[in-house]
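> Following this message is one structure expressed as structure tokens.
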Amino acid sequence: MKKAYNYLTILVFALFSLSNTYAQISKAEIRATGLTCSMCSNAINKQLKALPEVANVATDLNTNTFTVILNENTTISPATFKQSVEKAGFFIGSLVLTSKTTSIKNEKFIVVDAKTIASEEVTFQVLDKGYVTDKEYKKLSKSLKKLETYLANNEDDFHIKILN
Amino acid sequence: MPTFTLKNANNEEISSTSFKNKYVLIDFWASWCAPCRKGNKELVKLHKEIEVSKIEIVGISVDTDIEKWKKAIEKDSIKFTQVNDPNGFDAKTAILFGVEELPSQFLFDTKGILIAINPTKTEINNLLKK
């Protein structure tokens with residue numbers, strides 16, 4: 001019984017730490033990379049559409065971008081998009097998210113350019129490993145080398161660059 | 001073979017039922033799909049080599065932008081049957097055939113029975129020799 005109790009505690013903690021990285025996101029723009037033409041496969045589209053949080057997925061063939069519109073008042077972690085793209089057999093080349101400004105004001109979202117955001121909504125790019133191309137990650141590791149948390153590659157915090 | 005009626009670049013309706021007593025090679029593609037454009041070159045070559053009375057090559061483009069599709073036909077010098085079904089992977093025929101990636105090819109025999117998916121050029125040539 002005690003053992004089961006312990007497991008439950010771990011589970012609750014695991015869920016709690018996961019939900020911390022969730023943000024109220026309204027839109028995600030994903031550029032995928034891989035060995036083959038990412039737009040030539042229906043796999044990414046399917047994986048994204050299968051997410052319960054997703055309202056619609058549109059593709060822009062000129063920029064090779066998937067635009068994901070999320071249900072209203074949805075909270076979701078950036079990691080969910082990465083998992084979906086990787087499940088489809090591709091990688092994220094860039095991930096730009098639009099969310100409520102209040103939902104990224106916590107220690108899980110580290111703004112690298114120290115910009116202050118006045119508006120209610122914020123658009124930002126996730127810069128962590130696996131969310132940018134390998135080449136960009138190498139560049140970023142150099143330019144952000146003073147940022148210990150960036151180099152630590154911790155999966156439960158996100159380094160972001162504000163775009164608005 | 002699933003039946004469909006789609007329009008060619010001259011706005012004429014082409015029905016799948018018109019390819020009777022012939023092998024039919026259906027090729028799903030799009031102008032923005034680089035591997036498809038490479039594949040077009042192969043199909044153009046194949047089309048020159050085969051006996052058109054024995055096999056019909058049908059390209060189904062899922063391009064939403066009709067102009068880009070027409071330009072691609074011209075650029076790739078496609079002379080075999082070409083029709084358009086806009087809407088990418090949501091195109092009706094793409095769903096009907098179960099297309100999950102581009103390009104995708106389906107080969108049907110003279111009775112309209114599916115005999116190969118993404119056949120090689122050698123496979124097609126061997127078949128026509130029979």
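Read-outs: derived from the displayed coordinates by stated rules, not from any lab. Everything numeric in this text was worked out from a predicted model, so none of it was measured. Neighbour counts run over all protein chains shown; Cβ positions are idealised from the backbone, glycine included.
> Out of (1) away from every other protein chain (no Cβ under 14 Å); (2) in contact with a Gly (Cβ under 8 Å, 6 or more places away or on another chain), the odd one out for A:PHE90 is which?
(1)
> Within the set of pairs 6 or more residues apart or between chains, which connect a residue that is within 14 Å of chain A (Cβ to nearest Cβ) inside segment B:74-95 to a residue that is polar (S, T, N, Q) with Cβ atoms less than 8 Å apart?
Listed pairs, sorted by first residue: B:PRO86/B:THR64; B:ASN87/B:THR64; B:GLY88/A:THR59; B:GLY88/B:THR64; B:PHE89/A:ASN42; B:PHE89/A:ASN45; B:ALA94/B:ASN87.
> Condition first: hydrophobic (A, V, I, L, M, F, W, C) and closer than 22 Å to B:GLU101 by Cα. Now tell me which residues in segment B:47-66 satisfy that.
Quick first cut of segment B:47-66, residues hydrophobic (A, V, I, L, M, F, W, C) only: B:50, B:52, B:55, B:57-58, B:60, B:62, B:66.
Of everything in segment B:47-66, those that are hydrophobic (A, V, I, L, M, F, W, C) and closer than 22 Å to B:GLU101 by Cα turn out to be B:ILE57, B:VAL58, B:ILE60, B:VAL62, B:ILE66.
> Checking the conditions here, which among B:ASP85, B:ASP109, B:ASP65, B:ASP76 is in contact with a strand residue (DSSP E or B) (Cβ under 9 Å, 6 or more places away or on another chain) and within 23 Å of B:ASN10 (Cα to Cα)?
Values: B:ASP109 fails: within 23 Å of B:ASN10 (Cα to Cα); B:ASP65 fails: in contact with a strand residue (DSSP E or B) (Cβ under 9 Å, 6 or more places away or on another chain); B:ASP76 fails: in contact with a strand residue (DSSP E or B) (Cβ under 9 Å, 6 or more places away or on another chain).
Only one candidate passes the filter, namely B:ASP85.
> Residues A:THR149, A:THR123: which one is out of contact with any Phe, Trp or Tyr (no Cβ under 8 Å at 6 or more places or on another chain) and assigned to a strand (DSSP E or B)?
Working: A:THR149 fails: assigned to a strand (DSSP E or B).
On inspection, the qualifying residue turns out to be A:THR123.
> I would also like to ask the following. Would segment A:103-117 turn up any residue that is among the aromatic types (Phe, Trp, Tyr) and under 22 Å from A:THR33 (Cα atoms)?
Within segment A:103-117 (the criterion being among the aromatic types (Phe, Trp, Tyr) and under 22 Å from A:THR33 (Cα atoms)), the answer is no, since none of the residues qualifies.
> Restricting attention to segment B:10-29, which residues are out of contact with any Phe, Trp or Tyr (no Cβ under 8 Å at 6 or more places or on another chain) and of a type in the set (Gly, Ala, Ser)?
The one that is out of contact with any Phe, Trp or Tyr (no Cβ under 8 Å at 6 or more places or on another chain) and of a type in the set (Gly, Ala, Ser): B:SER18.
> Residues being closer than 21 Å to B:ASP90 by Cβ and more than 14 Å from every other protein chain (Cβ to nearest Cβ): count how many of those fall in segment B:15-47.
Going through segment B:15-47 one residue at a time, the tally reaches 2.
> Output the residues belonging to segment B:114-127 that are free of Cβ contacts under 8 Å to residues at least 24 places away in the same chain and either within 21 Å of B:THR93 (Cβ to Cβ) or touching a helix residue (DSSP H, G or I) at 6+ places or on another chain (Cβ under 9 Å) (or both). Give the steps one after another, and end with the answer.
Kept after step one, since they are free of Cβ contacts under 8 Å to residues at least 24 places away in the same chain, are these residues of segment B:114-127: B:115-118, B:120, B:122-123, B:126.
Residues satisfying the conditions are B:ILE115, B:ALA116, B:ILE117, B:ASN118.
Matching residues to (1) closer than 27 Å to B:THR122 by Cα; (2) surrounded by fewer than 16 Cβ atoms within 10 Å (Cβ to Cβ); (3) aromatic (Phe, Trp, Tyr):
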residue	(1), (2), (3)
B:LEU6	no, no, no
B:ALA9	no, yes, no
B:LYS20	yes, yes, no
B:GLY39	yes, no, no
B:GLU42	yes, yes, no
B:LYS54	yes, yes, no
B:GLY98	yes, yes, no
B:SER104	yes, no, no
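> Hand me the list of strands (runs of 3 or more DSSP E) wholly inside segment B:18-126 holding 3 or more residues that are within 12 Å of the chain's Cα centre (by Cα). Please lay out each step first, then the result.
Values: elements: B:23-29, B:55-61, B:81-84, B:104-108, B:114-117.
Here the list reads B:23-29, B:55-61, B:81-84, B:104-108.
> Still on this model: Looking only at segment A:32-56, count every residue that is assigned to a strand (DSSP E or B) and either surrounded by fewer than 19 Cβ atoms within 10 Å (Cβ to Cβ) or within 9 Å of chain B (Cβ to nearest Cβ) (or both) and tell me the total. Explain how you work it out, then say what you get.
Of all residues in segment A:32-56, those assigned to a strand (DSSP E or B) come to A:32-33, A:41, A:54-56.
Okay, now just the ones that are also either surrounded by fewer than 19 Cβ atoms within 10 Å (Cβ to Cβ) or within 9 Å of chain B (Cβ to nearest Cβ) (or both), so A:33, A:41, A:55-56.
Matching residues across segment A:32-56 total 4.
> Which one is nearest to the other protein chains (Cβ to nearest Cβ) among residues in segment A:60-72 that are within 17 Å of A:THR33 (Cα to Cα) and surrounded by fewer than 18 Cβ atoms within 10 Å (Cβ to Cβ)? Even if it seems obvious, please write down each step before you answer.
Within segment A:60-72, the first condition is being within 17 Å of A:THR33 (Cα to Cα), and the residues that meet it are A:60-68.
With the extra rule that they be surrounded by fewer than 18 Cβ atoms within 10 Å (Cβ to Cβ), the set shrinks to A:60-64, A:67.
Details: A:ASP60: 10, A:LEU61: 5, A:ASN62: 8, A:THR63: 11, A:ASN64: 9, A:THR67: 14 Å.
That would be A:LEU61.
> Of the numbered conditions (1) touching a helix residue (DSSP H, G or I) at 6+ places or on another chain (Cβ under 7 Å); (2) within 14 Å of chain A (Cβ to nearest Cβ), B:GLU67 satisfies every one except a single condition; which is it?
(1)
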